[in-house]
Amino acid sequence: MFDSVSCLAIQARAQENQMFVATANRVGQLEETSFCGESAVVDPYGWVIAEAGRGEEVLSASIDLSLGS
């Protein structure tokens, strides 16, 4: 559930602030805590332009700075 709520929150912050938002989250397990990964880059309109999965990976995105405020 965290991942879907987190995605909506990231999209909302990008729209509210009219800016690109990049988030990073670790993956794996630490004792009793699980980390879901799913890092993302969102544009000022709230569209996800790049997202990682639940495994370890490098995420990159090209952004058009003219879209920002």
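The values are calculated or read from the model by the stated rules, or taken from the named source; none is laboratory data. Just so we're clear, the structure is a prediction, and the values are computed from it rather than from any experiment. Please note: Cβ atoms are built from the backbone with ideal geometry, for glycine as well, and neighbour counts cover all protein chains shown. The protein model used for the area step is the full one, side chains on, heavy atoms only, and it has no ligands, DNA or RNA in it. Shrake-Rupley method; radii C 1.70, N 1.55, O 1.52, S 1.80 Å.
Some values worked out for this structure:
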item	result
Helix-only CD estimate at 222 nm, as mean residue ellipticity for the chain, using -39500 (n - 2.57) per DSSP H run (n ≥ 4)	-7500 deg cm²/dmol
Helix axis angle, 2-17 relative to the chain longest principal axis, alpha carbon, degrees	20 degrees
Distant alpha-carbon pairs in the chain (separation over 15 angstrom), percent	52 percent
Under Karplus coefficients 6.51, -1.76 and 1.60, residue-wise ³J(HN,Hα) of the range 42-54 in Hz, glycine/proline x	10, 7, x, 8, x, 7, 6, 9, 7, 8, 8, x, 8
Among Leu67, Gly28, Ile49 the positive-end extreme of the charge dipole of the chain (Cβ point charges)	Leu67
Residue-normalised accessible area of the chain, given per residue in Å² at a 1.4 Å probe	73 Å²
Glu56-Asn17 pseudo-label distance in nm [points 7 Å out on the Cα-to-Cβ vector]	2.9 nm
Mean separation of Cα contacts under 8 Å (6+ apart) over length of the range 1-56, as relative contact order %	33 percent
